[in-house]
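Have a look at the structure below before the remarks.
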Amino acid sequence: MTTTLEQEGYHQSTFGSKLRDGNTGGLLMIAAMVLGLLFANSFMADGYFGLRDAHLGIPAVDSAFHTVGEWASEGLLAVFFFMTGLELKSEFVDGELRRIKKAIVPVVAAFGGVAMPALIYAAINLFWGDAATLRGWATPTATDIAFAVSVLAVVGSALPTAMRTFLLTLAVVDDLIAIVIIAFVYSEGVNFLYLGLAILPAALFWVLTHRWPRFFAHSRWAPWVILLPIGVVTWVLIYSAGIHATIAGVVLGFMVPVLHRSKPQAGEAPIGLAPRLSHRFSPLSNGIAIPVFAFFASGVAVGGWSGIVDAFTDPVAIGVVVGLVVGKTIGIFGSTWILTRVSGAEIDEDMKWIDVFGLAMMGGIGFTVALLVAELSFGLGTIHDDHAKVGVLTGSLLSAILGGILLGMRNAHYKRLRAQGVPVDTYDGGAPDESEATQARSQDDPE
C-alpha cells in the first residue's frame, strides 16, 4: 500500500488542509482584491494609501527598503512564484508537460498572447492617439498569474488538471516575457554583476536540495533556517540586478528535485522534495502571500463614475481594454490552433478546444505587471497612467467574467462526467511503465 504525506504526519490540521485547497486560496484572493478596491475608493482611501506607501526596512540598503505595497508585490509574491516553480518543475519532469509536443503549446500560446494585445493597442493609438499614448503598448501584454490561477480555482474545481497546468505555464512564460520587456524597454538596463552574483546562492540552493533531499523533506526547521536565508539572498541580488525579484522564486522552485534518488524507505511517500515543499508551504502562499498582495495591488482610485467616463475618452484605456479582452483571446487561442495545425504539437487529450478558448479569455486578467508597465510608460500619477489603470481594471474584470462564465459551464460538464465515473484526468496518455520509474529512481542525481 502506498504511503501518503498525511500518513507520514505532514500537517494534518484541518485549518492547514483548508488553506491548501485552491478554492480557499482563490476566494481569499478575490475577497482581498474587492476589499482593497473598496478601501481605495472610499472615505478610508487616505489611510489605505498611507499604509500601502509607508516604507519599511533598512533605509541605507536600497534592496531592503520598500513600501508595504512593494514588499507585498515583490517580496511576499515571490513565495507564490516559488510554489509555481515547484509545480511546473513537477509537471515538466513527471507530469503533463514531460512530452515536448505538449510542453511547447502553452509556451507558444504565451508569445501569441503577448504579441496580439500589443499590436491591437498600437493600432488603436496610431489611429487615434499620438506618440505619448503609444508608449503604453506593453501594458495589455501581461497575464497576472496569481489572479488568473486563483479565479480558475474558484470557477473550475472539476476541470481537468491539464487546464490548470496549461494556464500556469502560459502565465509564467507570459510574466517572463513581460519582465524582459521591462528590463530592456522601460529600465536603465540589467546589472550583470549582481545577476552573476545571484548564481552563487542559487547554485548552493541546488546543491543542498539535491545532496540532502530527505533531510529537508523530513526536517521541520531546516527549510526555514537553511533554505529560506539562501532564498532571501538570491532575491536581494536579483532585485539589485534590476530584474523583477519574484523571478527568484521561479528559479529556486525549478532547482528543487522532483523524483526520489532511490527507492522510498518503509513508511515513506514515494515522492521527491518538490511536492513535499509544495505541500508544506502552500498554506503560507494561499493564506498570506496572495491575499496580502491582492489587497494592495487592487488599490486603484478610479475617480468615481466621472473618472471612468473620462478614462474611456482616452485611446490609452480603450487600447488596454481591447488588448486584454480581445487581443489576449485571439493571440492565445489563435497561436495554439496554428501551432497544432502546422507542427506535430498537440493540446492535452483531456482538453477540448472550447476549454482552450475559455483559458485564452482568462489570459486577459492582467493586473500587477500591467499596472507596473502603465506606471513605467506614463509616470506615476499622470492622466494617462490613471486612464491606463482604469483600462487594466476594466479589461481584467471583463476577462474574468467572460472566461469565468464559459469555464464555469465547462466545469459543470466535467463535474457530471466525474459523477458518472467517466475519467477526466489522464496521466500523459497513461501511467509511466515500471522501466521508466526504475530508471528515474536509479539516476545519480534526482531531477
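Candidates 393, 417, 407: the one that is modelled with pLDDT of 80 or more, assigned to a helix (DSSP H, G or I), surrounded by 13 or more Cβ atoms within 10 Å (Cβ to Cβ) and out of contact with any helix residue (DSSP H, G or I) (no Cβ under 9 Å at 6 or more places or on another chain) is 417.
Rundown of residues vs (1) small (Gly, Ala, Ser); (2) surrounded by 20 or more Cβ atoms within 10 Å (Cβ to Cβ), yes/no style:
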residue	(1), (2)
31	yes, no
34	no, no
38	no, no
48	no, yes
64	yes, no
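A Cβ distance below 7 Å, combined with a sequence gap of six or more or placement on separate chains, defines the contacts here; from the stretch 165-180, residues that are over 13 Å from residue 102 (Cβ atoms) reach residues that are acidic (Asp, Glu) in the pairs 168/87.
Looking across the stretch 328-340, the residues that are surrounded by fewer than 24 Cβ atoms within 10 Å (Cβ to Cβ) and closer than 16 Å to residue 103 by Cα come down to 333, 335, 337, 338, 339, 340. Sub-9 Å Cβ pairs linking a first residue in the stretch 246-258 that is in a loop (DSSP other than H, G, I, E, B) to a second residue that is of a type in the set (S, T, N, Q) and at pLDDT below 85, at least 6 apart or interchain, are 246/73; 258/90, ordered by first then second residue. Just one of the numbered conditions (1) in a helix (DSSP H, G or I); (2) of a type outside the set (Phe, Trp, Tyr); (3) within 16 Å of residue 121 (Cβ to Cβ); (4) under 21 Å from the mean Cα position of the chain (by Cα) is not true of residue 364: (1).
When the residues of the stretch 188-222 are filtered to those that are part of a loop (DSSP other than H, G, I, E, B) and loosely packed, with under 13 Cβ neighbours inside 10 Å, the one that is modelled with the lowest pLDDT is 188. Buried (at least 19 other Cβ atoms within 10 Å of the Cβ), of a type in the set (Val, Ile, Thr) and under 22 Å from residue 253 (Cα atoms), is that true of residue 79? So residue 79 fits the description; yes. Here residue 10 fulfils each of the conditions (1) out of contact with any Lys or Arg (no Cβ under 9 Å at 6 or more places or on another chain); (2) at pLDDT below 85 apart from (1). Here residue 358 does not qualify as assigned to a loop (DSSP other than H, G, I, E, B) and either buried (at least 16 other Cβ atoms within 10 Å of the Cβ) or at pLDDT below 85 (or both).
The values are calculated or read from the model by the stated rules, or taken from the named source; none is laboratory data. In this text, all values refer to a predicted model and were calculated from it rather than measured experimentally. Note that we place each Cβ from the backbone using ideal geometry, even for glycine, and neighbour counts take in every protein chain shown.
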